[in-house]
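The values are calculated or read from the model by the stated rules, or taken from the named source; none is laboratory data. Keep in mind the model is a prediction, meaning the values are calculated, not measured. No Cβ is skipped: glycine too gets one built from the backbone with ideal geometry, and neighbour counts run over all protein chains shown.
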Amino acid sequence: MADFSQHFAVLSKALDLRTQRHQVLASNIANADTPGFKSRDFEFATAMQNAMGGNAAGGGVGMARTASGHLSGDAGMAGPGALQFRSETQSAADGNTVDMDVERAQITDNALQYQIITQLISNRLQGLRTAMSSTQS
Amino acid sequence: MSLFNVFQVSSSAMTAQAMRLNTVASNLANADSVVSSDGKPYKAKHVVFEATPMGNNGEISKGVRVRQVVEDAAPPRMVYDPKNPAADEKGYVSFPNVNVVEEMTNMISASRSYQTNVEVMNTAKTMMLRTLQIGQG
């Protein structure tokens, strides 16, 4: 049963990160005509690693808190992995780096991955249901 | 459910794009208005977009708002027409500085951006519906 809840923890964390990524991508598309706006994104794999193994496992170095007044070092990136700027392919005169094609491709990809995860959770539950119903007959 | 932020962000972008379409409409409508309310020829108006944090997610979700509406600084279009009552002593009439071609491209760009934001909203909706379907059937 521990294995089961662990599985769910991973999947729900993945859903969480996909949701956050959708927000970032939606902001990029919303600001496609805003002068000076820089397109942002985060790497899903790294964010997932950070979320599951803590920062130390992900290669980062955590800061020790030796007094109660200390701030936790990772307060700024509590949610997803750190937001990064997308490298621009064509520069625009107004300093905007949103490339609509890239963003749309990414948002479709993200939505599909999200659906895959929901399907995985459903399948997991279905398996549990089958296991329970097979004894009642 | 932070996916609701996507709705806020996308709808703010749609409002901003609709405002841009509004200025395009009034610019095109007044492309030949020699006299406007202040007695001078009409001046083309443009909206200035600005990224603004939206929802409770700080950097992750950024919507758009119209910071200001500026008047085009281009000089008026001078047309030689001595018979026109609005002509100056040399026979020139100053027409609005509306560039019709520019306005048309602006219109297409605004409507495309609007469409894309609607699609982003729809994607978010699909994702949420998939979440509701977890564990059903």
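What's the total number of residues in the range A:1-42 that are assigned to a loop (DSSP other than H, G, I, E, B) and surrounded by fewer than 14 Cβ atoms within 10 Å (Cβ to Cβ)?
Total satisfying the criteria: 2.
In the list B:ARG67, B:ARG77, which residue meets the criterion of being within 12 Å of chain A (Cβ to nearest Cβ) and not aliphatic (A, V, I, L, M)?
B:ARG67
Please go through the range B:4-13 and pick out each residue that is surrounded by fewer than 20 Cβ atoms within 10 Å (Cβ to Cβ) and in contact with a helix residue (DSSP H, G or I) (Cβ under 9 Å, 6 or more places away or on another chain).
B:PHE4, B:PHE7, B:SER11
Being touching a helix residue (DSSP H, G or I) at 6+ places or on another chain (Cβ under 8 Å) and either at pLDDT 80 or above or outside any helix (DSSP H, G or I) (or both) narrows it down to one of A:GLY95, A:GLY62, so name that one.
From the options A:GLY95, A:GLY62, the qualifying one is A:GLY62.
Can you tell me which condition B:GLY55 does not meet? The list is (1) within 11 Å of chain A (Cβ to nearest Cβ); (2) more than 20 Å from the chain's Cα centre (by Cα); (3) part of a strand (DSSP E or B), and all the others hold.
Going through (1) within 11 Å of chain A (Cβ to nearest Cβ); (2) more than 20 Å from the chain's Cα centre (by Cα); (3) part of a strand (DSSP E or B) one by one, B:GLY55 breaks only (3).
Looking only at the range B:115-137, count how many residues are at the interface with chain A (Cβ under 9 Å from one of its Cβ atoms) and either among the hydrophobic types (A, V, I, L, M, F, W, C) or assigned to a helix (DSSP H, G or I) (or both).
Residues meeting the conditions: 12.
So, B:ASN30, is that one surrounded by fewer than 22 Cβ atoms within 10 Å (Cβ to Cβ), facing another protein chain (nearest Cβ under 7 Å) and either polar (S, T, N, Q) or more than 19 Å from A:SER39 (Cβ to Cβ) (or both) or not?
no
Does the range B:49-69 contain at least one residue that is touching a Ser or Thr at 6+ places or on another chain (Cβ under 8 Å), aromatic (Phe, Trp, Tyr) and surrounded by 13 or more Cβ atoms within 10 Å (Cβ to Cβ)?
The answer is yes; a qualifying residue exists.
Is there any pair linking a residue in the range A:10-27 that is facing chain B (nearest Cβ under 8 Å) and without any contact (Cβ under 8 Å) to a residue 60 or more places away in the chain to one that is part of a helix (DSSP H, G or I) and of a type outside the set (A, V, I, L, M), with Cβ under 6 Å and at least six apart or on different chains, and which?
A:GLN23/B:ASN5
With the requirement that a residue be touching a residue at least 60 places away in the same chain (Cβ under 8 Å) and either exposed (fewer than 13 other Cβ atoms within 10 Å of the Cβ) or under 30 Å from A:LEU125 (Cα atoms) (or both), what does the range B:82-103 give you?
The answer is B:VAL100, and nothing else.
Let's see how each residue does on (1) touching a Pro at 6+ places or on another chain (Cβ under 6 Å); (2) more than 25 Å from A:ASP109 (Cα to Cα); (3) in a helix (DSSP H, G or I); (4) of a type outside the set (Phe, Trp, Tyr):
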position: B:ALA51; (1), (2), (3), (4): no, no, no, yes
position: B:ILE60; (1), (2), (3), (4): no, no, no, yes
position: B:PRO75; (1), (2), (3), (4): no, yes, no, yes
position: B:MET78; (1), (2), (3), (4): no, yes, no, yes
position: B:LYS90; (1), (2), (3), (4): no, yes, no, yes
position: B:MET107; (1), (2), (3), (4): no, yes, yes, yes
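Among the residues of the range B:10-43, how many are in contact with a strand residue (DSSP E or B) (Cβ under 7 Å, 6 or more places away or on another chain) and in a loop (DSSP other than H, G, I, E, B)?
Summing the residues that are in contact with a strand residue (DSSP E or B) (Cβ under 7 Å, 6 or more places away or on another chain) and in a loop (DSSP other than H, G, I, E, B) in the range B:10-43 gives 4.
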